[in-house]
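Below is one structure, written out as structure tokens, with a few remarks after it.
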Amino acid sequence: MDPLYETLAASLQGTVRTPDAFTAEHRENYGRIFRWTPRFVVQPQSQRDIVTLVRFCREHGLHLTNRGAAHSQSQLAINHGGVLVEMQSMHAIGAVDEKSLTVDVEPGVLWSDLTHRLAKSGLVPPVLTNNLGVTVGGTLSMAGIGVASFRYGSQGDNVVEMDVVTGEGSVVTCSPETNDELFWGAIAGLGSFGVITRARLQLRRMKPMTRTYYLLYDDVRVFLEDARSAMDSGKWDHLESWGAPCAQGTRPVAGERQVFAKWFYPFHLTIEYDAGSPPDDAAMLAGLRPYDNLYTDDCPTIEFLERMVPVFALWKKAGTWEFMHPWIECILPWETAADCIEQVLADTPPGIQLGGHVLLWPAKGTTSRSKNFMVPAGDNLVGFGLLPAVPQKFWGEVSERLENVSRMMLLFGAKRYLSGWVNFTPEEWKEHFGARWHELVALKRRYDPDSILNPGFLPFEATP
Amino acid sequence: MSLTFGTEAWAAALAAALNVSSEYRNAAAKWGDGFNGNVLLVFDADATLGTTRALFVELTKGSCRGASFVPGVSHPDAGFGLRAPLSVWRDVLSRKTLAATAILTGKMKVEGDRMTLLKHTAAHRALVACAAALDTEFPSA
């Protein structure tokens, strides 16, 4: 028995596991690129447990890694030799404050559970991620972006207040007005400065029905112009798009024949409406120039919010959920987006659709106040992501090409979104955060002086 | 039969390979359209190459008008330059290293408008592929 086990277990309300009780999931995250084994896995029951854990880790020189649904793909949500904290055990949802339209939640709450709870009252968080099977604490630590981000920014921009347990074991209540340094450190802070134990989330009223227009584009530049027009029109509640390959057979690439594709761009534009008052289709689509208008879908808003559930279910059923997921997502400047997308997709095999996809999301550079969610300058931005599922045996030949995709994105002026596979050097990290990096280093020293929280990803240890 | 690297026969073979390559013709169809697409490939001296060599390749819209080794490491008619030690070139031409990796990591230096080069990645990849396909005898240490 581990000599620290009994002391740790006796001090917590929650449960403590040792390696003999670990599952494969405890050793990896959704990326399945790294396999780390912690010394303990803890399922905390309360904020008090988190305080106790942090102090225990400080005392015994252990690193502490917290995880939500472990959807990250780099060295996050996994721990090597320390304590892995499964935050999903803290999943309480408080009562909605109808006056301020806010709700207090614990960090392990799944967005799907929260969405269902709120839908009964006709309320919804302003921004939801495509995958609702992730946790509030997880996405707030990353930024959290979705198909309404062009209107409301990131999920982190819609937090009113949080409780954060710092790396010293202190509980700090923070907001954009009070203890704002820690608040904006924790939002998109990758768990580097504290453990979020409560978040008060801003909500909005939603209409019960949605109408979605399934448009298709064959030219990325026309699509982007229409996407900008749609964002600026103020007519739409949700905008979602992809790259969709149409396989064309094989052609030589660097002398070897490979399957290639003509890429199309599905663009789904959604508006919420009250039953009996559907939108005027002609007015909604006026001025847009799609290659084709494929389908118009009416469904309850809650069903729209869960539209990706069948896709993820299929990935799980097909087995690709267990593949490696070295996702490469970025936010591009508007000016270079079309060129970058065209260059990257020209080399992207259509097989990426097997258990994965290519995401595009039109975005505004002015909707997020987050200090850690780095985006290029500009009023209009384009999110772009290659989200492959890679069989483990192909990793050797795929990894270099994906790293080159990331490098190319950066040369086109992009900022990486950090939930995916990010293999930056310390210098590239500094470049990513720019002037913010020195502030992050100062925050780390102030709130986690022993560097026990979530080590292994951001290179604080490489900064003297 | 192997061609000796650095000879005019090697340069001529590269030009011929470019002009019969459907990969190059398609990938580079817009290369040099509205800009100077001529490229100077510089092979810096290293343990196996006593003297730095430079190959001037005249390229426009998917075809090659000629290739020849030239003195010095610059050329007044070159729109772009790709420069690296011969050891890096050997790794690229033997497919040990992707040309894109060499360029994107800075192992191969780019001269000229980097953004234009980025917008035509398939063109320079096909150029390198044609060179890689030549049966080349490199100098040995």
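In table form, for the structure just shown:
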{"quantity": "Computed accessible area, residue A:222, all protein chains, 1.4 angstrom probe, square angstrom", "calculated": "40"}
{"quantity": "Portion, in percent, of the accessible area of the range B:48-89 that falls on carbon or sulfur, probe 1.4 Å", "calculated": "50"}
{"quantity": "Centroid-to-centroid separation of the range A:259-317 and the range A:321-336 [C-alpha atoms, Å]", "calculated": "22"}
{"quantity": "Long-range amide H partners of residue A:210 with built H, under 5 Å", "calculated": "A:273, A:299, A:301"}
{"quantity": "Added length on full extension, which subtracts the Cα-Cα distance from 0.36 nm per residue, residue A:46 to residue A:247", "calculated": "67.2 nm"}
{"quantity": "Partner chain coverage, peptide A:441-451 - average Cβ within 10 angstrom", "calculated": "0"}
{"quantity": "Accessible area of residue A:303 in the full protein assembly, 1.4 Å probe (Å², nearest 10)", "calculated": "100"}
{"quantity": "Amide H within-cut-off set for residue B:52, under 5 Å, with H built and near neighbours excluded", "calculated": "B:45"}
{"quantity": "The range A:127-170: radius of gyration over Cα atoms, expressed as a fraction of 2.2 N^0.38 Å", "calculated": "1.29"}
{"quantity": "Between helix A:334-346 and chain A: long-axis angle, C-alpha atoms, 0 to 90°, nearest 10", "calculated": "90"}
{"quantity": "Sparse-neighbourhood loop sites, chymotrypsin sites (Phe, Trp or Tyr not before Pro) in the range B:28-112 - DSSP loop, at most 16 other Cβ within 10 angstrom", "calculated": "B:35"}
{"quantity": "Residues losing 10 Å² or more accessible surface upon assembly, the range A:218-262, compared with the chain by itself, 1.4 Å", "calculated": "A:252, A:253, A:254, A:255, A:256"}
{"quantity": "Residue A:311-residue B:140 pseudo-label distance in nm [points 7 Å out on the Cα-to-Cβ vector]", "calculated": "5.5"}
{"quantity": "Cα-Cα pairs of chain A separated by more than 36 Å (percent)", "calculated": "28"}
{"quantity": "Karplus-derived 3J(HN,Hα), 6.51/-1.76/1.60, for each residue of the range A:177-187, Hz, glycine and proline x", "calculated": "9, 10, 6, 5, 4, 6, 4, 6, x, 6, 5"}
{"quantity": "³J(HN,Hα) computed for each position of the range A:406-416 - Karplus, 6.51 cos²θ - 1.76 cosθ + 1.60, integer Hz, glycine/proline x", "calculated": "4, 4, 5, 4, 5, 5, 7, x, 7, 10, 6"}
{"quantity": "Complex-versus-alone comparison for the range B:118-139, residues with a loss of 20 Å² or more in accessible area, probe 1.4 Å", "calculated": "B:118, B:119, B:121, B:125"}
{"quantity": "When the range A:350-459 is reduced to its Cα atoms, the Kirkwood hydrodynamic radius in Å", "calculated": "16.1"}
{"quantity": "Rounded accessible area per residue of the range B:36-141, 1.4 Å, Å²", "calculated": "42"}
{"quantity": "Per residue accessible area of chain A, 1.4 Å probe, in Å²", "calculated": "39"}
{"quantity": "Nearby lysines by direct alpha-carbon distance to residue B:109 (threshold 26 angstrom, same-chain neighbours under 8 apart not counted)", "calculated": "A:415, A:430, B:30, B:61, B:96, B:119"}
{"quantity": "Within chain A, helix-based [θ] at 222 nm, where runs of 4 or more DSSP H residues each add -39,500 (n - 2.57), nearest 500", "calculated": "-8000 deg cm²/dmol"}
{"quantity": "Cβ-defined net charge surrounding residue A:265, 9 Å radius [Lys, Arg +1; Asp, Glu -1]", "calculated": "-2"}
{"quantity": "Quotient of Cα Rg and 2.2 N^0.38 Å for the range A:1-118, N being how many residues it contains", "calculated": "1.16"}
{"quantity": "Quarter of Cα convex hull surface for the range B:37-131, i.e. mean projection, nm²", "calculated": "5.7"}
{"quantity": "Estimated dipole of chain B in Debye, rounded to 20 [Cβ of Lys and Arg +1, of Asp and Glu -1, Cα centre]", "calculated": "400"}
{"quantity": "Using θ = phi - 60° and Karplus 6.51 cos²θ - 1.76 cosθ + 1.60, couplings along the range A:361-367 (whole Hz; Gly, Pro as x)", "calculated": "9, x, 9, 10, x, 10, 8"}
{"quantity": "Accessible area in the full protein assembly, largest first, 1.4 Å probe, for A:59, A:400, B:23", "calculated": "A:59, A:400, B:23"}
{"quantity": "Rounded to the nearest 10 Å², the accessible area of residue A:277 at probe 1.4 Å", "calculated": "70"}
{"quantity": "The range A:293-365: Cα Rg divided by the 2.2 N^0.38 Å rule of thumb", "calculated": "1.37"}
{"quantity": "For residue A:64, residues with placed amide H under 5 Å, excluding near neighbours", "calculated": "A:83, A:453, A:454"}
{"quantity": "Distance in nm between pseudo-label sites at residue A:21 and residue A:296 (7 Å out along the Cβ direction from Cα)", "calculated": "5.7"}
{"quantity": "Compactness of the range A:80-153, expressed as Rg and Dmax over alpha-carbon positions, Å", "calculated": "13.3, 46"}
{"quantity": "Heavy-atom accessible surface that B and A bury in contact, both chains counted, 1.4 Å, Å² to 100", "calculated": "1500"}
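The values are calculated or read from the model by the stated rules, or taken from the named source; none is laboratory data. These numbers come from a predicted model, not from an experiment. A quick note on method: Cβ atoms are made from the backbone with ideal geometry, for glycine too, and the neighbour counts reach across all protein chains shown. Areas reflect the complete protein model, heavy atoms only, side chains present, ligands, DNA and RNA absent. Shrake-Rupley method; radii C 1.70, N 1.55, O 1.52, S 1.80 Å.
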